[in-house]
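Trainee: Following this message is one structure expressed as structure tokens.
The values are calculated or read from the model by the stated rules, or taken from the named source; none is laboratory data. Every value quoted in this text rests on a predicted model; they were computed, and no experiment measured them. Neighbour counts run over all protein chains shown; Cβ positions are idealised from the backbone, glycine included. Surface accessibility is based on the protein's heavy atoms, side chains included, excluding ligands, DNA and RNA. Shrake-Rupley method; radii C 1.70, N 1.55, O 1.52, S 1.80 Å.
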Amino acid sequence: MAVVDTDGLSITEAALHTGLTADTLRYYERIGLIGPVPRDGDGRRRYDRDALHWLETVLVLRDTGMPVREMVRYTRLARQGEATAEERRRIMVEHLDRLRVQEECVAKARRFVQTKIDVDDGAPPPGEPGERARP
């Protein structure tokens, strides 16, 4: 994400900046995943650097498949400060373990698909050296 003006971004600008919709930004604030987002003198949201940095964290966690309820739990713990560091670490370690399992599944699927492509290209199937696959 690019550097943000010190006055912050409007909700429309923040939506463009993050790729989220304004409704999603409001939802994330309502459930406590971000925010409270600072407001200007007219009561309009202004997403400052801290809010955008936290949104970047949320987006990475979301993109890696962390459930929203787990992200909310992590966020609540983070707001409580250093006393919750061990619990936050545990959440991240568990998430990393899930990502490793997913990576193994994807790698296995990738090898399977590659084998199918290789066989269709005329390579012998695994375990059958020199034999050509039949249609």
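Trainee: For residue 90, indicate whether it is part of a helix (DSSP H, G or I), more than 17 Å from the chain's Cα centre (by Cα) and without any contact (Cβ under 8 Å) to a residue 60 or more places away in the chain. Lay out the reasoning, then the answer.
Mentor: On the way: part of a helix (DSSP H, G or I): yes; more than 17 Å from the chain's Cα centre (by Cα): yes; without any contact (Cβ under 8 Å) to a residue 60 or more places away in the chain: yes.
In short, yes.
Trainee: Okay, moving on. Test residue 122 against the criterion of being part of a loop (DSSP other than H, G, I, E, B), open to solvent by less than 80 Å² (accessible area, probe 1.4 Å) and touching a strand residue (DSSP E or B) at 6+ places or on another chain (Cβ under 9 Å), and give yes or no. Explain how you work it out, then say what you get.
Mentor: Values: part of a loop (DSSP other than H, G, I, E, B): yes; open to solvent by less than 80 Å² (accessible area, probe 1.4 Å): yes; touching a strand residue (DSSP E or B) at 6+ places or on another chain (Cβ under 9 Å): no.
Taking the combined requirement at face value, the residue does not satisfy it.
Trainee: Could you tell me whether the range 48-65 includes any residue that is surrounded by 14 or more Cβ atoms within 10 Å (Cβ to Cβ), touching a residue at least 40 places away in the same chain (Cβ under 8 Å), over 18 Å from the mean Cα position of the chain (by Cα) and on the phi < 0 side of the Ramachandran plot?
Mentor: Of the range 48-65, the ones surrounded by 14 or more Cβ atoms within 10 Å (Cβ to Cβ) are 48-49, 51-52, 54-55, 57-59, 61-62.
Narrowing further to those that are touching a residue at least 40 places away in the same chain (Cβ under 8 Å): 48-49, 51-52, 55, 59.
When the remaining residues are screened for being over 18 Å from the mean Cα position of the chain (by Cα), the result is 48-49.
With on the phi < 0 side of the Ramachandran plot added as a condition, the list becomes 48-49.
Yes, the range 48-65 contains a residue that is surrounded by 14 or more Cβ atoms within 10 Å (Cβ to Cβ), touching a residue at least 40 places away in the same chain (Cβ under 8 Å), over 18 Å from the mean Cα position of the chain (by Cα) and on the phi < 0 side of the Ramachandran plot.
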